1. With every protein chain kept in place and ligands, DNA and RNA left out, what is the accessible area per residue of chain B? Probe 1.4 Å, answer in Å².
2. Which number do you get for Rg(Cα) / (2.2 N^0.38 Å) in chain A?
3. R0 = 45 Å: FRET efficiency of A:Ser58 with A:Arg8, Cβ-based, nearest 0.05?
4. Rounded to whole Hz and in sequence order, give me ³J(HN,Hα) for the stretch B:128-141 from the Karplus expression 6.51 cos²θ - 1.76 cosθ + 1.60, θ = phi - 60°, writing x for Gly and Pro.
5. Can you work out the FRET efficiency for the pair B:Ala280 and A:Trp122, with r the C-beta to C-beta distance and R0 = 51 Å, to the nearest 0.05?
6. Show B:Ser319, A:Ser110 ordered by accessible area, largest first, where the area counts protein heavy atoms only and the probe is 1.4 Å.
7. Over the stretch A:5-69, average the accessible area per residue using a 1.4 Å probe and give it in Å², no decimals.
8. Over chain B, what is the relative contact order in percent, taking alpha-carbon pairs closer than 8 angstrom and at least six residues apart?
Amino acid sequence: MRPSPLGRIVRVFAIAAIVLWSLGPILVGLTTSFSTQADATAVPARWIPHEPSVAAYSALVGGGSGHAFTQGTASDASAFPQSVLNSGIVTIEATLAILAVSILAGYGFSRLPFRGSRLLFWIVLGTLTLPLFTLVVALFRLMADLGLLDTQLGLVLVYMSALSPLAIWLFHNHCRDLPPEPEEAALIDGCTRWQAFRKVVLPQMRSGIAAVSAIIMLSVYGQFLIPLLLASTQSTKPVTVVIAEFVGKYSTNYPLLTAAGVFAIVPPAIVALLLNRHIRGMLSGSTG
Amino acid sequence: MSGIVLDSITKEFPGGVVAVRDLSLEVAPGEFVVLVGPSGCGKTTSLRMVAGLEEVSSGEIRIGGRVVTSLPPRKRDVAMVFQNYALYAHMTVRANMAFGLRMAKLPKPEQRRRVEHAARMMGITELLDRKPKQLSGGQRQRVAMGRAIVREPAAFLMDEPLSNLDAKLRVEMRSEISSLQRRIGTPTLYVTHDQTEAMTMGDRLAIMRDGDLVQLGTPEEVYEYPADVFVASFIGSPAMNLIEGLFERLDDGFRVSFGGSYLQVPNATLARCPALAGYAGRRLIVGVRPEDLELTDHISVGNGDALEVTVARAESLGSEQIVYFHPQARDGALDGGAELTIGIEDSPTPSRVLLRARLGGRHVLAENGRVRLGVDLDRLYFFHPESGEAVAR
């Protein structure tokens, strides 16, 4: 049915309003990042900068003096490149580790039931309901005792325990929805269980793996509380923490802050764009 | 070298559901045996136990003379064709067909030779480099068959391989699979719920119901001598008419009566089956196949070879028609015993059982018209009223 002209106008406005609502802050961030501090802090607000400038960006990538931009803040602009690298490395390491565990566990829970497997599955899922912040004190003690404070390994281990249950649950549902016959055909065709999994089930799971990877990557990349507590030096601090540390007690350089934000959006945006199709499939339950 | 032997196989699922009970069955070398029955009768479970995809609760399975009961599927030397084809979606047709050979570590040239030979047999040579997604249902079916053939296994297992195909293709593939199997001579266990498929393809039929093997025999045997009312109504299309009636002794023989009308029981039937005489004065179930009924116009009241009926509706198939009748006698409806329910899925509405007849396509029958149906008395079936077991034919 074609909507009436009035209906169409209402719809266009509604969509425009939603888009503006979502993209508005990003837009403000973008214009601010190309401003000078004077433009950014002017009253009344200047939506379009009087003096467009890329100084904030060049400060972030190492041109010019980082200190000139940030005074009296926990991190200065020169910490930014390292933090992006830290975020990238930990995200990839954690995602690979979580995939390795949860693909096998999800497959196992859905295809290889054993005595008590239901109970175990629900216990694993149950950990999803524990808010992470209730555990941070204990987590900090544990990491300190293990000597894993301020290490990538420590962060990866925490992310694994926090995010694997979600991934296991997603892979469990994914495997349950896949037709079991190709695997059975492979078993009859001469495969051991492991060979059938590797040669037939794993390729079947391709789109599910893409979707869960994206979900996990975005989630790890956006972590704040955990690295704030466990990653205390520039060698491990991720971009989320460093950006927050650009906010000073007495002054904040808004162009620098927003330029860093714009930079930080790029990697997750690329992941989301590339794997968008799979993510939608996973969330709507059809995994073709 | 023997074929497939199932020796007292039982499958009990956790929770106590018995899917297959004490099933014994032998598929001789070169033989094509069809496991047939309504859904949930245990036929697929039986096949999966032979394949090793399902554990056996008790009993023994032998394939090619080897006991395989506790071997994993890969060590059983069988090939299976699935209902949804179960092709490996990420591999080409060639890789799909060669997969089993690769797992068996056959030399590359031998793999290539066998795949190409099988592809020629199935007429899919030009599809070898395509992916399953690019194939039609019929082509996928051929690839699945080809994948089974290349293995040159000790047995073929097929689980409703034709049910995802359209009607025309199904008929084509039916005869193709049969003739292929005859040429290769590999013992085959084939599962279907379609009695036409079973009758046309099987050397022998194993008819199952609720986990039990009800009857095992050639298509002719199960059609001519069904073991009970279940087999009688399951085999044959349209299904056999089953009417409860009173078996009576007369001075000059026997007859079976339904309210106002009756049918004479030929002496030849009693000679074949003397036990029938013991039912004198008792009720039993009479079976008449729709193809053993015909329109008659000779008005010989009291001959006991015809029934008076009213036309309910007719389904024309062109060359023939399936006609449904309300059974009725001169003084009203046929005895209430006609309301029989036989426990098969596609039985007609149990509340009011209609007689079915398969008649020539040219008769013009008016709805509600009264006609006389001649009955081939030599082809009456008699079943025990409670157990449903065959008494005589």
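The values are calculated or read from the model by the stated rules, or taken from the named source; none is laboratory data. For clarity, every value in this text was computed on a predicted model and none was experimentally measured. Please note: Cβ atoms are built from the backbone with ideal geometry, for glycine as well, and neighbour counts cover all protein chains shown. Heads up: the accessible areas ignore ligands, DNA and RNA and are worked out on the full protein's heavy atoms, side chains in. Shrake-Rupley method; radii C 1.70, N 1.55, O 1.52, S 1.80 Å.
1. Working: 16990 Å² over 393 residues.
Here the residues of chain B average 43 Å² of exposed surface.
2. 1.24
3. Values: r = 46 Å, r/R0 = 1.02.
Approximately 0.45, to the nearest 0.05.
4. My calculation for the stretch B:128-141 gives 4, 9, 8, 9, x, 4, 8, 10, 7, x, x, 5, 4, 4 Hz in order.
5. 0.20
6. B:Ser319, A:Ser110
7. Dividing the accessible area of the stretch A:5-69 by its residue count gives 72 Å².
8. Working: 831 pairs, mean separation 61.5, N = 393.
Reported relative contact order: 16 percent.
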